[in-house]
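The values are calculated or read from the model by the stated rules, or taken from the named source; none is laboratory data. Keep in mind it's a predicted model, so treat the numbers as computed, not measured. Cβ sites come from the backbone with ideal geometry, for glycine too, and all protein chains shown count toward neighbours. Keep in mind that these areas ignore ligands, DNA and RNA; they rest on the heavy atoms of the full protein, side chains included. Shrake-Rupley method; radii C 1.70, N 1.55, O 1.52, S 1.80 Å.
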Amino acid sequence: MTIEDDIAFFERVPTLSTLGRGALRILAIGSENRYVHSGETLFSAGDEADSGYVVQNGSFSLVLGESENGKSVTFGAGTLLGELALFTETTRPATATALEPSTVLRIPRQLFLKMLEGYPEAATRLHDVLAKRLAE
């Protein structure tokens, strides 16, 4: 995929869509593409979280907590996993396992925060979207 393809993809991700093309260009240039085999764990509950992942292709099962008996939710393409890790130091509350061969774009926290510093209007729009979501 080209940088323009990645920007267009990010524009379809609900949390990221409000940022604008300039900010998304920074994320597209700095993000890391990763292939995840079916059955492979992307991250585990309790792991230190330093990035978010956007699912490009495939799907993931997220199991809350550190036990396999926790609640499971399935997410597919266009989903941002680990959103909170983009903003603050935290640990993963769930384990993400690929249900099929999948690809993700990894967005490191430091990249995301630098992007927000460089695009304060994007930070304001994102703040408004997140505040509205929390209120709902």
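In this structure, is Ala131 part of a helix (DSSP H, G or I), open to solvent by less than 40 Å² (accessible area, probe 1.4 Å) and free of Cβ contacts under 8 Å to residues at least 12 places away in the same chain? Here the answer is no, as Ala131 does not meet what is asked.
Once the range 1-57 is narrowed to residues that are touching a residue at least 24 places away in the same chain (Cβ under 8 Å) and basic (Lys, Arg), the residue that is farthest from Ala98 (Cα to Cα) is Arg12.
Of all the residues in the range 58-77, those that are at pLDDT 95 or above and of a type in the set (Gly, Ala, Ser) number 5.
Out of all the residues in the range 16-48, which are surrounded by fewer than 19 Cβ atoms within 10 Å (Cβ to Cβ) and under 14 Å from Pro108 (Cα atoms)? Ile29, Gly30, Glu32, Asn33, Arg34, Glu48, listed by residue number. Quick check on my filter: what residues within the range 60-110 are under 10 Å from the mean Cα position of the chain (by Cα) and closer than 16 Å to Pro14 by Cβ? If the condition is that a residue be under 10 Å from the mean Cα position of the chain (by Cα) and closer than 16 Å to Pro14 by Cβ, then Gly78, Thr79, Leu80, Leu81, Gly82, Glu83, Leu84, Leu86, Leu105, Ile107 are the ones that fit.
Restricting attention to the range 1-15, and to residues there that are open to solvent by 30 Å² or more (accessible area, probe 1.4 Å) and within 20 Å of Gly58 (Cα to Cα), which single residue is modelled with the lowest pLDDT?
Among those that are open to solvent by 30 Å² or more (accessible area, probe 1.4 Å) and within 20 Å of Gly58 (Cα to Cα), it is Met1.
All conditions but one from (1) in a loop (DSSP other than H, G, I, E, B); (2) charged (D, E, K, R); (3) in contact with a Phe, Trp or Tyr (Cβ under 9 Å, 6 or more places away or on another chain) apply to Arg12; the one that does not is (3).
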